[in-house]
Amino acid sequence: MTLVTDSLAAAGTAPALRIGPIELDTPVVLAPMAGITNTAFRRLCREYGAGLYVSEMITSRALVERNAITMRLIQHHESETPRSIQLYGVDPATIAEAVRIIVAEDRADHIDLNFGCPVPKVTRKGGGAALPWKIGLFSDIVQRAVKAAGDVPLTVKMRKGINKDHLTFLDAGRAAEDAGAAAVALHARTASEYYSGHADWSAIGELKQAVTSIPVLGNGDIWSAGDAVRMMHETGCDGVVVGRGCLGRPWLFGELAAALGPSAGADQHAVVDATLGFVKDAFRRHAELLVEFFEDEDRGCKDIRKHVAWYFKGYPVGGELRAALARASTLQEIDDLLGTIGDAPYPGAGAEGQRGRAGSPKRTALPEGWLDSREIGEGVGDMMRGAETENDGG
């Protein structure tokens with residue numbers, strides 16, 4: 001890939017990140033994103049950079065029941081190493097069984113537990129970002145999962161809490177550390193903030209002060225390698241988790257490797273010269289990998305449609321052409337359309353900054369009476385277990 005140089009705030013290389021027996025020279029993790037971080041996207045990001053690339057969120061009960069879609073989602077390409085799977089669930093026994101299956105069948109080298117999802121269909125049943133409020137249940141889940149994982153490192157990803165009046169991240173971070181988690185990651189927003197506003201990086205610094213024996217990773221508003229460098233400098237965190245910032249920009253992991261990896265220089269760091277020609281090639285490669293992943297050209301070309309706006313954000317690619325790319329059903333159609341697009345220099349600010357969903361703050365959907373106590377009340381357990389049956393195979 002073509003490179004130019006750009007000064008970043010850091011001087012020298014960030015320390016390697018160790019998660020259990022896994023050592024990452026570049027302390028960077030790809031955040032799980034539903035419908036995005038399948039094998040195709042993970043492979044593409046890996047081709048540009050380095051780090052740990054996590055699967056889409058997998059429902060524990062669906063895995064235990066061997067849902068066909070789920071079993072496909074937990075597969076990894078032979079080039080993927082280390083392999084990582086993120087699990088979601090609310091029942092300690094079911095999550096532990098899902099972990100045992102992954103370990104017994106050698107399906108991953110790292111397992112992450114999701115306690116950060118703010119989506120209403122998850123939180124209204126007490127899952128995702130709502131669950132750490134019930135600190136006893138949270139501790140039980142992590143303890144059982146760590147035990148079931150054995151030598152496979154298990155980590156926890158969470159949010160600050162439900163809202164500003166019901167913060168959980170410090171209690172949950174300490175509980176995860178005590179339970180034997182190999183690392184904790186914090187998306188520095190509450191569930192009620194969803195993806196709006198600005199991430200509160202100071203909370204990552206607080207968690208780093210509270211959790212001292214395992215790595216603490218920061219997540220939220222990393223749109224560039226410079227942001228990652230700044231987050232690590234300001235918070236003292238041990239690594240970064242990147243989500244929306246890499247949408248339509250898989251080469252961000254190359255920039256992160258240059259800024260934080262073993263080859264990072266003390267004075268200047270390489271960043272990608274993302275000309276329009278470069279972006280076209282990345283888009284085409286992504287489509288090709290999706291076709292291979294789905295083993296279906298039509299389905300792969302349909303899946304790339306959601307990425308069109310992200311890839312060409314800020315570039316001189318008109319609405320009609322973008323719409324045509326979002327209708328293409330074969331790689332040849334994509335090739336023909338891309339062939340009509342000339343080259344152009346990187347547009348700068350127009351292609352940078354926030355991408356992906358943001359939304360606005362909203363009241364978090366919760367089970368009735370959820371905030372009345374930090375313990376599980378009578379009848380709530382059955383309701384929560386019901387949440388795991390409502391899955392689409394993810």
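What to note about this one:
- For segment 74-171, share of DSSP beta bridges that run antiparallel, in % to the nearest 5: 20 percent
- This model, with +1 at the C-beta of Lys and Arg and -1 at the C-beta of Asp and Glu, gives the chain a dipole about its Cα centre of some 780 debye.
- Electrostatic tally near residue 221: other residues with Cβ closer than 15 Å to its Cβ, Lys and Arg +1, Asp and Glu -1, net +3.
- Length added when fully stretched, residue 329-residue 373, from 0.36 nm per residue minus Cα-Cα: 10.7 nm
- Segment 273-328-segment 200-252 distance, computed between alpha-carbon centres (Å): 28 Å
- Segment 63-171, relative contact order in percent, only Cα pairs under 8 angstrom and at least six apart counted: 27 percent
- Candidates 202, 192, 26 compared by Cα position along the dipole of the chain: farthest toward the positive end lies 192, with charges placed on Cβ.
- Pairwise inverse Cα distances across the chain, averaged and inverted, put the Kirkwood hydrodynamic radius at 21.4 Å.
- Probe 1.4 Å - accessible area at residue 103, Å² to nearest ten: 50 Å²
- Here the gap between residue 233 and residue 284, fully extended at 0.36 nm per residue and compared with their Cα-Cα distance, gives a gain of 14.8 nm.
- A 1.4 Å probe run over segment 276-351, with the rest of the protein chains in place, finds 46 Å² accessible per residue.
- Local electrostatic count, residue 295, Cβ distance below 14 Å [Lys/Arg +1, Asp/Glu -1]: -3
- The phi-based Karplus calculation (6.51 cos²θ - 1.76 cosθ + 1.60; θ = phi - 60°) puts the 3J(HN,Hα) values of segment 151-164 at 7, 7, x, 10, 10, 10, 10, 8, 10, 5, x, 7, 7, 5 Hz, whole numbers, x for Gly and Pro.
- Accessible surface, segment 56-190, averaged per residue in Å² (probe 1.4 Å): 33 Å²
- Restricting attention to the chain, close to 25% of DSSP beta bridges with both partner residues there are antiparallel.
- Segment 115-215: C-alpha gyration tensor shape, a/c 1.5 cut-off, then a/b vs b/c: oblate
- Stretching the chain fully between residue 305 and residue 121 yields a gain of 63.7 nm (0.36 nm per residue, less the alpha carbon separation).
- Paramagnetic label zone (point 7 Å from Cα along Cα-to-C-beta, residue 212; backbone N under 18 Å) in segment 229-259: 236-238
- C-alpha center-to-center spacing [segment 54-120, segment 129-196] in angstrom: 17 Å
- Loop-resident GluC sites (Glu not before Pro) (DSSP state other than H, G, I, E or B) in segment 77-126 with no more than 10 further Cβ atoms inside 10 Å of their Cβ: 78, 105.
- Counted charge near residue 326, where neighbours are those whose Cβ lies closer than 12 Å (Asp, Glu -1; Lys, Arg +1): +2
- Helix-only [θ]222 nm of the chain, DSSP H runs n ≥ 4, -39500 (n - 2.57) each, per residue, nearest 500: -10500 deg cm²/dmol
- Phi to ³J(HN,Hα) by Karplus 6.51 cos²θ - 1.76 cosθ + 1.60 over segment 197-209, Hz, x for Gly, Pro: x, 10, 5, 8, 4, 4, 5, 5, x, 4, 5, 4, 6
- For segment 276-351, the equivalent ellipsoid derived from the Cα gyration tensor has semi-axes of 21, 12, 11 Å, listed largest first.
The values are calculated or read from the model by the stated rules, or taken from the named source; none is laboratory data. Treat the numbers as computed from the prediction; the structure is a model and nothing was measured. Heads up, the Cβs are rebuilt from the backbone with ideal geometry, glycines too, and the neighbour counts pull from every protein chain shown. What goes into the accessible areas is simple: the full protein's heavy atoms, side chains included, and nothing from ligands, DNA or RNA. Shrake-Rupley method; radii C 1.70, N 1.55, O 1.52, S 1.80 Å.
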